[in-house]
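Report on one structure; see the data block that follows.
The values are calculated or read from the model by the stated rules, or taken from the named source; none is laboratory data. Every value quoted in this text rests on a predicted model; they were computed, and no experiment measured them. A quick note on method: Cβ atoms are made from the backbone with ideal geometry, for glycine too, and the neighbour counts reach across all protein chains shown.
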Number of protein chains: 4
Amino acid sequence: MPKGETSRDGQGQFTIGVVGCGYWGPNLLRNFNQLPGARVKYCCDLSDERLSHMKALYPHLVATKDVGDIIKDEEVDGVVIATPVSTHYAIGRACLEGGKHVLLEKPLTQSAAEAESLVKLADEKKKVLFVGHTFIYSAAVEKMKELLKAGELGDIYYVSSVRVNLGLFQEDINVIWDLAPHDISIMNFLFDSEPVTVTTFARSYIQPGIEDVAFLILQYPGGTVAHIQVSWLDPNKIRRTTLVGSKKMLVYDDTSTLEKIRVYDKGVDVLPHYDTFGEFQLSYRFGDIVVPKINEVEPLKKECSHFMDCALNGTRPQSSGRDGLAVVKVVERACESAKLGGAPLPLDAGEGSGGR
Amino acid sequence: MPKGETSRDGQGQFTIGVVGCGYWGPNLLRNFNQLPGARVKYCCDLSDERLSHMKALYPHLVATKDVGDIIKDEEVDGVVIATPVSTHYAIGRACLEGGKHVLLEKPLTQSAAEAESLVKLADEKKKVLFVGHTFIYSAAVEKMKELLKAGELGDIYYVSSVRVNLGLFQEDINVIWDLAPHDISIMNFLFDSEPVTVTTFARSYIQPGIEDVAFLILQYPGGTVAHIQVSWLDPNKIRRTTLVGSKKMLVYDDTSTLEKIRVYDKGVDVLPHYDTFGEFQLSYRFGDIVVPKINEVEPLKKECSHFMDCALNGTRPQSSGRDGLAVVKVVERACESAKLGGAPLPLDAGEGSGGR
Amino acid sequence: MPKGETSRDGQGQFTIGVVGCGYWGPNLLRNFNQLPGARVKYCCDLSDERLSHMKALYPHLVATKDVGDIIKDEEVDGVVIATPVSTHYAIGRACLEGGKHVLLEKPLTQSAAEAESLVKLADEKKKVLFVGHTFIYSAAVEKMKELLKAGELGDIYYVSSVRVNLGLFQEDINVIWDLAPHDISIMNFLFDSEPVTVTTFARSYIQPGIEDVAFLILQYPGGTVAHIQVSWLDPNKIRRTTLVGSKKMLVYDDTSTLEKIRVYDKGVDVLPHYDTFGEFQLSYRFGDIVVPKINEVEPLKKECSHFMDCALNGTRPQSSGRDGLAVVKVVERACESAKLGGAPLPLDAGEGSGGR
Amino acid sequence: MPKGETSRDGQGQFTIGVVGCGYWGPNLLRNFNQLPGARVKYCCDLSDERLSHMKALYPHLVATKDVGDIIKDEEVDGVVIATPVSTHYAIGRACLEGGKHVLLEKPLTQSAAEAESLVKLADEKKKVLFVGHTFIYSAAVEKMKELLKAGELGDIYYVSSVRVNLGLFQEDINVIWDLAPHDISIMNFLFDSEPVTVTTFARSYIQPGIEDVAFLILQYPGGTVAHIQVSWLDPNKIRRTTLVGSKKMLVYDDTSTLEKIRVYDKGVDVLPHYDTFGEFQLSYRFGDIVVPKINEVEPLKKECSHFMDCALNGTRPQSSGRDGLAVVKVVERACESAKLGGAPLPLDAGEGSGGR
């Protein structure tokens, strides 16, 4: 579709429908509703109660239980989908085939095969397939990327991430599918690459067959190791990622309001060997800690604005369908590893990693 | 030796020598020096500088570089050894053969074979072989054991422990040997059992061949899983253990001065299935947090006093040679698992687990 | 007006207008908009920009710059006023005279005389005059009141409150008028009484004549002392109140998400004198800390609902005009004390304290 | 006395006696015992139990109940006094008259008159009179002084200090005498000046007539205001001082092990007026937070070493008798202000402030 030609409505606005008004959908709806240049026309959900609640908050919306109503409306440019993961593929496919740009919540789909199929379809249809990896739009993660690119931390030895809390248990997906995509998408973004192997140890304590605690180890090209702990069974809500570099170390604590990132001028310098001593010489460096000022904006606001920009102007998404596929591949493999009792499994970077 | 008959000196005191006056030895020396009924007669080290420092602090000590001086002194009842791990076996053996009670710092030895040999020798010589698992003498760990025994937490699903900081790098042992014995000894003590399998992923970043970061997974009989993260490469000093039980959850933070233990009345109750719904019913419980008052005493003080009690009165050690052996077996196996790239390895509980 | 007879609109809803759509007004509007049984008909502000932003969020509102439009609309039951303090009196008076129930943001007015006049007018008009002391509707403050009533803390010796941050500087009022009403309204509510004297030390560093740092000491009947520190010039945002009682102590930290209240079983017991020793005997009590579970609801939601209930059903407000007056009297006197360099000034409890 | 001529013992060491072996004395003793060039010859206390405990720890000491034994021993160069405040004057006077250098714990004496008398006597006897203001020897306070001197914080608007905990109640002095000298000595040191007025509000809850909670306001020359809160009745141990400067802000938290000082690049810039707007223009600055690396050494070690240096080499003490007097004057006046119900009282800087 030629840029801005047909599908924008008479008012020259980017028109969308939001599908799924449960937990996350209303946040997407609120942000698009406040976004200059965007217009939310539809809310869609299977629950009458959710629809009437949305109507109470936004009386100007059209409420529907049938996503088909949205797809066949020519005014609609894009569809924003925040439904259960198991439905992502079918709804996403229908929207793309209907000629809509698509923003799908993470994880993109429930299998790599489904994700690959959607990516291919979006290419064919020349539509934007966008995945809601919200964290990579946060100012804190952008700051980390900036510090990494500038070489401030040196080479990254390893990353250790903890993402735990009590509940909310999901019934259709395990804790790996639920929480790990956040960490994997952040790390893929920070390192500009995808892991080559994954090892996972997981247990299900509350719901048989649905893992609620898991420990993942990812190995990235170049040797960086990422350890990820996810759990629905922890007394505290922790979202903390530690990056250990050859020059400096960094802790990212997403639960902190004002001090999300701390940069530690700490490290170990390996000194050259001395013949006379013949032993390994180490020198510790304990320096200042810096808590950089971060300009907080709601990451979802940036994400929504960026999706509109990609749809209207052909800008390349920071979180494309391919990025969504890359994450799904890791999660899928992680679950396989867990089923095998923690065996290290290779990831075939294959097609998915190509086009970013 | 008949209890209290011969080897106590003329003043009726429990007489000891301290071997190794580097990092930890002086703490042992200070505690025995203040212990009523105990008398430190010797300090022993290979370094003139350390010996003269000890003499400056405690002018009444006999300083020697030869542990043989201590062994052949009939006044000496026990020897307290805080030397590098690689020397534990030889010194411990010599002391036991010389008829002394022995307190060896953790880890007991550098291999399970050595540990077994010492345990056997101590049995033959009818001497106390005691390992310095200091943490199990802390009021916080005792409180945890009390809560566990009383069933306050219910069944323990899993434990997650983090013991990280920057340095101090050791040259003769890796971070697993250095730090993990603390966690393993605490868990063996809390669960009154030993792990049946161990899986370890480790990396060495600073010194080739000496792992400085490791993630261990231990499986205990009955299904409890313990995840342990140890690292010499972390910007923060963290010593935190989370116990997740079917009734309550508990966090033990050893770096906190006043709030080492927090008990969370949190959990998930699995409700019975309802035919009509046919789906899994979960009920979350978010309740009060209690920070129990803990009466702080230096754990090492209790340890030293207990060692004297075991030596004089035949009391069974809370941290016997067998307990030291149990920990060494796990560490040895963990290192093997790491060398194999993270393979799960069984632990042959065998002899070591028997005698506690 | 007979209860529920005339002024409710045809849809049987409690109809309001919101005056002032700057910082706090939109929060009031959002809550009333979501409140079942309530209907926001008007938004009113002098700024075109604010009005059009409100219209964008809530297209169904009537926007006006003239509060008179609201007053003369017979459908309107109540007016919610969140304008600068200096305008509270005039707008509140006009609304009451127009027969509307009034919710005024805190502080109620800019002088005790104005507040007394409004209280009197509301009585004459038999309309609800309600002040937005939001904190007393928070679950944390309600929990504190519950603990105090149950005698859990014993007699309260003193309270120390810190409410500081960097900015936002106001131009028409000083930091005492801006921040202290929160603490005073909380304490009046907790102790069910009003202070009898106030002493204040204050300084203005940034804007000449507008104090930005102040320390207040209030003395309540019965001897309880309250120390309040307010500042626009502090690097950290702190909202912490410590209650020291004869039995227990309590810390209320409003910046904490999950642990707003901590109850310390700590105290000092004064033992009876012994003749033979003739000295004072004290016994310290260091016990557990309990963090009670608090069911979080947005306090403003409860406040809005309560205002509607008072207007419709004649329920007595927890934050009546008289309560607003009581706070204004303290603040007014505090500022006088500050001008006098920190002199202790008595508060004439007078009329204001009577009618609660 | 010519440097090093007479009173040092045959071994060329600085010889001292420690008087008072209760709470703080043993720390002084331990530090002098480890100080190269120093020799502790005596420990002195009225309690047999304390003396025998000291002998157990340091068998080489001479124990005595009579400070006269120390004074008449010509080998003794200095006397270190950590007895109850009420005895400071008499013991200090006797030692100075006996020709000894004197280190007196803070507060120097129980009245300004006594302190002035000791200062005068020390001048006459040409002996060092040194007060144990330990905090000014801490690396954190030195860092703060360095930052202030370098102008990093700009002009200091005000300081707010909190020093509270539960107990230890003293029987001979109130909480102002017990705790405030720490803050006053730190501030006098940081600002290189003494306050000109003091206002104090205090209450005694547990022991009649002995204040256990107090709020002090000190005004320094140049307009800096210091607010100090001291209490023996608080559930938490807090030692936190906030400095608010025109350029930056700083928080000093002495209970933090690793992050004692945080420097906030925060502030408010007052912009020049614009004619057209005629209103005050403010610009907030929210920048990075820096936690500077501080090299921790036990402050008491530096203090003891510095006392020896002053005694042997005539170095001017950082905490001289005059500094001790300056603090005592403020505390004395603060107590008078409290008795008067919080009246602001001037401090006659007088003689005490001269000689630093």
For D:LYS237: the one exception among (1) out of contact with any Phe, Trp or Tyr (no Cβ under 6 Å at 6 or more places or on another chain); (2) at pLDDT 95 or above; (3) in the same structural domain as D:THR200 (by TED's automatic domain parsing): (2)
Selection status of C:THR109, touching a helix residue (DSSP H, G or I) at 6+ places or on another chain (Cβ under 8 Å) and either of a type in the set (D, E, K, R) or under 16 Å from C:GLY22 (Cβ atoms) (or both): no
All positions within region A:193-203 that are buried (at least 20 other Cβ atoms within 10 Å of the Cβ), of a type in the set (S, T, N, Q) and facing another protein chain (nearest Cβ under 10 Å): A:THR199
Residue ranges of helices (runs of 4 or more DSSP H) in region D:62-173 with at least 2 members charged (D, E, K, R): D:88-97, D:112-125, D:139-149
Odd one out for C:ALA180 among (1) assigned to a helix (DSSP H, G or I); (2) buried (at least 23 other Cβ atoms within 10 Å of the Cβ); (3) within 13 Å of another protein chain (Cβ to nearest Cβ): (3)
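Applying the selection to region A:284-336, what residues are outside any helix (DSSP H, G or I), within 14 Å of the chain's Cα centre (by Cα) and not hydroxyl-bearing (Ser, Thr, Tyr)?
As a first pass, look at region A:284-336 and keep what is outside any helix (DSSP H, G or I): A:284-298, A:314-320.
With within 14 Å of the chain's Cα centre (by Cα) added as a condition, the list becomes A:317-320.
Correct list: A:PRO317, A:GLN318.
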Residue in region C:268-283 that is in contact with a Lys or Arg (Cβ under 8 Å, 6 or more places away or on another chain), at pLDDT below 95 and not in a loop (DSSP other than H, G, I, E, B) present: yes
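For (1) at the interface with chain A (Cβ under 9 Å from one of its Cβ atoms); (2) outside any strand (DSSP E or B); (3) small (Gly, Ala, Ser), each residue gets a yes or a no:
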position	(1), (2), (3)
B:TYR205	yes, yes, no
B:PHE215	yes, no, no
B:LEU218	no, no, no
B:PRO221	no, yes, no
B:ALA226	no, no, yes
B:VAL230	no, no, no
B:PRO235	yes, no, no
B:ILE238	no, no, no
B:VAL244	yes, no, no
Breaking point among (1) modelled with pLDDT under 95; (2) out of contact with any Cys (no Cβ under 9 Å at 6 or more places or on another chain), for A:LYS120: (1)
Count - residues of region D:196-219 that are among the hydroxyl-bearing types (Ser, Thr, Tyr) and free of Cβ contacts under 8 Å to residues at least 60 places away in the same chain: 2
Top-ranked residue of region D:11-27 - restricted to ones that are in contact (Cβ under 8 Å) with a residue 40 or more places away in the chain and of a type in the set (S, T, N, Q), ranked as surrounded by the fewest Cβ atoms within 10 Å (Cβ to Cβ): D:ASN27
Boolean, A:SER185 is more than 8 Å from chain B (Cβ to nearest Cβ), part of a strand (DSSP E or B) and either more than 27 Å from B:TRP232 (Cα to Cα) or in contact with a helix residue (DSSP H, G or I) (Cβ under 8 Å, 6 or more places away or on another chain) (or both): no
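Given C:VAL119, C:VAL196, C:VAL128, C:VAL162, which one is closer than 23 Å to C:SER231 by Cβ and of a type in the set (A, V, I, L, M)? Outline the logic, then answer.
Details: C:VAL119 fails: closer than 23 Å to C:SER231 by Cβ; C:VAL196 fails: closer than 23 Å to C:SER231 by Cβ; C:VAL128 fails: closer than 23 Å to C:SER231 by Cβ.
Just one listed residue meets the conditions, C:VAL162.
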Region A:282-294 residues that are at the interface with another protein chain (Cβ under 7 Å from one of its Cβ atoms), paired with ones that are among the small types (Gly, Ala, Ser) and assigned to a loop (DSSP other than H, G, I, E, B) (beta carbon under 9 Å, 6 or more apart): A:LEU282/B:GLY167; A:TYR284/B:GLY167
Residue pairs meeting the criteria (Cβ under 9 Å; at least 6 apart or on separate chains; first under 16 Å from D:LEU104 (Cβ atoms), in region D:68-90; second among the acidic types (Asp, Glu) and in a strand (DSSP E or B)): D:VAL80/D:GLU105; D:ILE81/D:GLU105; D:ALA82/D:GLU105; D:THR83/D:GLU105; D:VAL85/D:GLU105; D:HIS88/D:GLU105
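Residue-wise test of (1) in contact with a helix residue (DSSP H, G or I) (Cβ under 7 Å, 6 or more places away or on another chain); (2) assigned by TED's automatic domain parsing to the domain that holds A:VAL76.
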residue: A:LEU121; (1), (2): yes, yes
residue: A:GLU124; (1), (2): no, yes
residue: A:LEU129; (1), (2): yes, yes
residue: A:ALA140; (1), (2): no, no
residue: A:LYS145; (1), (2): yes, no
residue: A:LEU153; (1), (2): yes, no
residue: A:TYR158; (1), (2): no, no
Failed item in (1) touching a strand residue (DSSP E or B) at 6+ places or on another chain (Cβ under 6 Å); (2) buried (at least 22 other Cβ atoms within 10 Å of the Cβ); (3) not basic (Lys, Arg), with A:LEU190 passing the rest: (1)
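Out of curiosity, is C:ASP265 touching a strand residue (DSSP E or B) at 6+ places or on another chain (Cβ under 7 Å), more than 30 Å from C:PRO346 (Cα to Cα) and within 11 Å of chain D (Cβ to nearest Cβ)? I'd like the intermediate steps shown before the answer.
Working: touching a strand residue (DSSP E or B) at 6+ places or on another chain (Cβ under 7 Å): yes; more than 30 Å from C:PRO346 (Cα to Cα): yes; within 11 Å of chain D (Cβ to nearest Cβ): yes.
Here the answer is yes, as C:ASP265 does meet what is asked.
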